[in-house]
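Participant: The structure under discussion is supplied below as structure tokens; questions concerning it will follow.
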Amino acid sequence: MHIKDDDTLLFIGDSITDAGRDRADAASLGNGYVHEIARSLRGRAPGGPGPRVINRGINGQRVYDLEPRWATDVIGHRPTVVTVKIGINDTWRRYDGGLLSPVAEFGACLDRLLARTAHELSPRLVVITPFLLPVLPGQEDWFEDLAPRTEAVLRAAADNGAQVVRADLLLPRAAQDRPAAELAGDGVHPTPLGHRLIADAWLAAVGSPAPDPVR
């Protein structure tokens, strides 16, 4: 997969995608991995603005919160590349509020969203896996819920032909060389370095420029 200047890239998910974007400004990208991706792509297109980039992340959302707004926030923009990053709040709310998100229902919801998008738009689909870097007391216990949820994300991606960016492998691997809090201060929300690593992984997997034609 490569990204062209006439592509429309739409990113949707929770606070990791939101990253403080200004909801009153439709063009706001926040200060996280979406912003970093857009900046890198603009740098590759010095003669023009590069591809259009849209951020529709909303902090605190679970997969079920995406479904009611999918028609407006995804389908309505007619994107050519759709990236979904969701799942950590479905786990987190179990441990801080007792709000359950059964993995089978979670996976079915994500599958519906990806299948609908593929059917109505035929875009390139990308899924970023949820991740956790245990920093706070008790966070290690979250993997009981998060591990099968990540597997559900991978199944939904495979069933719908989506490319996967394995943030669940990338960030723990990076944490082998530095304190985890340098990548995600609370174990969930990336620092600028964490966002940059996610952006670089997305660009490497998804945004590689087209090869030069054979002459």
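The values are calculated or read from the model by the stated rules, or taken from the named source; none is laboratory data. All values reported here derive from a predicted model rather than from experimental measurement. With ideal geometry, Cβ positions are generated from the backbone for all residues, glycine too; neighbour counts draw on all protein chains shown. With ligands, DNA and RNA removed, areas are computed over all heavy atoms of the protein, side chains included. Shrake-Rupley method; radii C 1.70, N 1.55, O 1.52, S 1.80 Å.
Participant: Checking the conditions here, which among T80, T72 is modelled with pLDDT of 95 or more, touching an Asp or Glu at 6+ places or on another chain (Cβ under 9 Å) and of a type in the set (S, T, Y)?
Facilitator: It is T80.
Participant: Taking the conditions exactly as written (more than 16 Å from the chain's Cα centre (by Cα), part of a loop (DSSP other than H, G, I, E, B) and either surrounded by fewer than 21 Cβ atoms within 10 Å (Cβ to Cβ) or touching a residue at least 12 places away in the same chain (Cβ under 8 Å) (or both)), does P134 satisfy them or not? Outline the logic, then answer.
Facilitator: On the way: more than 16 Å from the chain's Cα centre (by Cα): yes; part of a loop (DSSP other than H, G, I, E, B): yes; either surrounded by fewer than 21 Cβ atoms within 10 Å (Cβ to Cβ) or touching a residue at least 12 places away in the same chain (Cβ under 8 Å) (or both): yes.
Yes; evaluated as a whole, the condition is true for this residue.
Participant: Another question, if that's okay. Restricting the search to the stretch 145-183, which residues are under 20 Å from K85 (Cα atoms) and charged (D, E, K, R)?
Facilitator: Once the filter is applied, which keeps residues that are under 20 Å from K85 (Cα atoms) and charged (D, E, K, R), the stretch 145-183 yields D145, R149, E151, R155, D159, R166, D168, R173.
Participant: Exactly one of these conditions fails for G194: (1) open to solvent by 60 Å² or more (accessible area, probe 1.4 Å); (2) within 17 Å of D14 (Cβ to Cβ); (3) assigned to a helix (DSSP H, G or I). Give me its number.
Facilitator: (1)
Participant: Here's something else I'd like to know. Can we say D200 is of a type in the set (D, E, K, R), in a helix (DSSP H, G or I) and surrounded by 15 or more Cβ atoms within 10 Å (Cβ to Cβ)? It would help to see each step written out before you state the result.
Facilitator: Working: of a type in the set (D, E, K, R): yes; in a helix (DSSP H, G or I): yes; surrounded by 15 or more Cβ atoms within 10 Å (Cβ to Cβ): yes.
Judged against the criteria, D200 is a match.
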